[in-house]
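Written below as structure tokens is the structure these notes are about.
Computed from the coordinates by the stated procedures, all read-outs in this text should not be read as laboratory data. Everything numeric here is computed off the predicted structure, so don't read it as measured data. Glycine also receives a Cβ, built like all others from the backbone with ideal geometry; neighbour counts cover every protein chain displayed.
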Amino acid sequence: MKFKFSENLARYGLVIILVLLCVVLSLASENFFTVQNLLIVARQISINGILAVGVTYVLLTGGVDLSLGSVVALSGVVAALSARQQGVIIPIFTGIFAGVLCGFINGFVVAKGRVAPFIVTLGMMTIARGFALVISGGKPVSGLNSRFISIGSGDLFGIPNPVLILLAIALLSAVILKYTGTGRHIYAVGDSELAARVCGINVVRIKLFAYTICGAFAGLAGVVLAARITTGQPNAGIAYELDAIAAAVIGGTSLSGGVGGVGGTILGALLMGLINNGLDLLNISSYYQQIIKGLIIVGAVWMDCATNKWRIFQMQK
């Protein structure tokens with residue numbers, strides 16, 4: 001009975017927290033449960049959600065990607081430069097391609113060179129940010145065409161385009177991770193890289209895939225952000241990687257690899273979005289918001305460590 005309760009708490013605890021948070025915020029602010037505010041929350045979490053889904057692939061392999069924020073900035077600048085002259089397809093393609101290239105380089109050095117992911121992606125964080133500043137001249141890239149801007153500001157049947165994009169990649173990723181051989185191999189590599197090699201899994205290919213798709217989603221997030229703020233900002237995306245990793249970990253993805261999924265990641269991103277929105281509605285100073293977000297990140301890591309210990313304990317019983 002105790003095991004069942006612990007298992008159910010681990011499975012549905014985040015949903016319970018979300019419901020309680022919504023109740024508290026609705027009581028604290030009459031503006032929380034309005035259609036306008038809920039649409040604002042949906043738009044706000046879309047960027048972090050896209051990044052969080054992407055980094056989930058990397059975390060499941062036991063890796064990490066600290067370059068997400070800088071890749072967002074680089075991709076946004078690249079897409080914005082193209083959107084000055086082109087329509088929609090080419091800016092989207094160039095922005096995503098910039099992210100794919102960064103992710104591929106990360107994956108290649110991590111998997112083939114066997115360099116620690118922390119070091120590789122930390123280096124890419126600086127490199128991508130530097131390229132964003134160089135190609136933009138250190139200034140925001142403006143003058144984007146209206147069709148491109150509609151990616152971030154438009155909607156379909158009342159649902160904001162960024163939210164539709166998030167839902168599409170979340171559904172795609174859920175299918176990949178749950179129903180394909182590549183998805184099962186990602187979990188296997190994260191659970192035990194040595195055992196995966198013994199079973200004949202191409203660990204290099206799997207890691208390369210994980211980092212590349214993570215980079216692609218970061219590129220997509222950069223495109224959406226540039227369209228939403230109507231400029232390509234070389235200084236955009238600062239600390240976005242921390243929010244994305246925190247959302248994934250809060251959603252149950254283990255930093256040790258092999259455990260987690262897209263559904264939990266989306267719930268984690270939603271929780272962080274609701275907290276940010278609630279703090280804004282309650283007029284909490286941005287300085288205190290930074291402290292609270294830091295505590296959330298530390299708490300998420302602590303929860304991940306505690307969950308891993310509990311899981312190992314149950315396996316040994």
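At-a-glance table
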read-out	value
Linear extension gain, Val15 paired with Ile291, 0.36 nm per residue minus alpha-carbon span	97.0 nm
GNM top mover of Val19, Val189, Val41 - the chain, alpha-carbon springs below 10 Å	Val19
Cα extents of the stretch 1-158 along the three principal axes, largest first (Å)	57, 44, 25
Max mean-square fluctuation residue, GNM over the chain, Cα-Cα springs under 10 Å, options Leu171, Leu208, Leu101	Leu171
Protection proxy ranking, peptides 148-154, 245-251, 21-27, average beta carbon neighbours within 10 Å, highest first	245-251, 148-154, 21-27
Residue-wise HN-Hα coupling along the stretch 114-122, computed from phi with Karplus coefficients 6.51, -1.76, 1.60 (Hz; x: Gly, Pro)	6, 9, 4, x, 4, 5, 4, 6, 5
Cα-based convex hull, the stretch 76-225, per residue volume (Å³, whole number)	116 Å³
Cα principal axis extents for the stretch 212-258, largest first, Å	37, 20, 15
Cα gyration tensor shape for the stretch 161-221, rounded if a/c is under 1.5, else prolate or oblate	prolate
Charge dipole (debye, nearest 20) of the stretch 172-262; +1 at Cβ of Lys and Arg, -1 at Cβ of Asp and Glu	260 debye
Cα-based shape type of the stretch 92-145, given that a ≥ b ≥ c are square roots of the gyration tensor eigenvalues and the cut on a/c is 1.5	oblate
Computed [θ] at 222 nm, helices only, for the chain once each DSSP H run of length n ≥ 4 contributes -39500 (n - 2.57)	-26500 deg cm²/dmol
Global form of the stretch 202-291, assessed from the alpha-carbon gyration tensor, a/c cut-off 1.5	oblate
Alpha carbon convex hull of the chain, projected area averaged over orientations, nm²	17.5 nm²
Residue with peak Gaussian network fluctuation, the chain [Cα springs, cutoff 10 Å], from Ile16, Ile90, Ile186	Ile16
